[in-house]
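Input: a single structure, listed below in structure tokens.
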Amino acid sequence: YTVESIDYRGIDTVEGRVAKLAEGCKNLQGELVLVGSSLGGFVATAASSFLHARGLFLMAPALYMDGLPTLRPKVVDCPVEVVHGWNDDVVPLEHSMRFAREYGAALHLLDDDHGLHGSIRLYRGACQKLCCKWMQRPTAR
């Protein structure tokens with residue numbers, strides 16, 4: 001697999017970031033797994049269904065936060081894994097719990113804070129394994 005990273009510098013709106021992600025992914029070859037942290041998790045979630053992502057890996061995603069647009073119903077139509085720190089003081093853990101419950105996502109709670117820097121080895125390996133697993137699944141489109 002290959003990894004692409006979108007540069008959102010200079011884009012101040014969430015809608016602009018979602019559009020930038022869609023533009024950046026339109027010419028990619030192969031299956032797509034989106035990975036996002038904090039606001040990037042919101043952006044990846046918002047774009048996942050219209051980009052036909054095979055999977056979504058979210059780290060402390062800024063979901064259900066004041067000031068962000070409401071996600072459209074049934075926004076996700078792929079497997080989702082969420083990693084969140086018990087000690088997150090930026091995005092409430094309850095938001096990831098709510099999302100996991102509503103979308104049937106797997107939720108992994110780690111003894112860490114919002115940046116998840118102390119757990120990078122744990123979730124990096126998990127993300128790689130999940131990406132490979134999701135790519136091996138038959139397409140249901």
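The values are calculated or read from the model by the stated rules, or taken from the named source; none is laboratory data. These numbers come from a predicted model, not from an experiment. Cβ placement follows ideal geometry from the backbone for every residue including glycine, while neighbour counts extend to all protein chains displayed. Heads up: the accessible areas ignore ligands, DNA and RNA and are worked out on the full protein's heavy atoms, side chains in. Shrake-Rupley method; radii C 1.70, N 1.55, O 1.52, S 1.80 Å.
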Which numbered condition trips up V91, out of (1) β-branched (V, I, T); (2) within 28 Å of T2 (Cβ to Cβ); (3) open to solvent by less than 20 Å² (accessible area, probe 1.4 Å)? (2)
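List the strands (runs of 3 or more DSSP E) inside the stretch 24-95, counting only whole elements, that have at least 3 residues being over 9 Å from the mean Cα position of the chain (by Cα).
Hits in the stretch 24-95: 80-85.
Yes or no: I11 more than 13 Å from the chain's Cα centre (by Cα), hydrophobic (A, V, I, L, M, F, W, C), more than 28 Å from R101 (Cα to Cα) and at pLDDT 95 or above?
Numbers: more than 13 Å from the chain's Cα centre (by Cα): yes; hydrophobic (A, V, I, L, M, F, W, C): yes; more than 28 Å from R101 (Cα to Cα): yes; at pLDDT 95 or above: yes.
Yes; evaluated as a whole, the condition is true for this residue.
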Consider L39 carefully, then state whether it is under 21 Å from A19 (Cα atoms) and either buried (at least 19 other Cβ atoms within 10 Å of the Cβ) or of a type outside the set (G, A, S) (or both). yes
Go through the stretch 17-34 residue by residue and tally those that are in contact with a Gly (Cβ under 9 Å, 6 or more places away or on another chain) and farther than 12 Å from E4 by Cα. 2
Pairs, please: C-beta under 8 Å, at least 6 apart or cross-chain, first residue under 14 Å from S38 (Cα atoms) and open to solvent by less than 30 Å² (accessible area, probe 1.4 Å) and in the stretch 59-74, second assigned to a loop (DSSP other than H, G, I, E, B) and among the hydroxyl-bearing types (S, T, Y)? M59/S38; A60/S38; P61/S38; A62/S38
If the Cβ limit is 7 Å and pairs must be 6+ apart or interchain, which residue in the stretch 75-94 that is closer than 13 Å to M65 by Cβ pairs with which residue that is surrounded by fewer than 19 Cβ atoms within 10 Å (Cβ to Cβ) and modelled with pLDDT of 95 or more? V91/M65
Give the residue that is most open to solvent (accessible area, probe 1.4 Å), with candidates limited to residues of the stretch 96-126 that are closer than 24 Å to D66 by Cα and assigned to a helix (DSSP H, G or I). R101
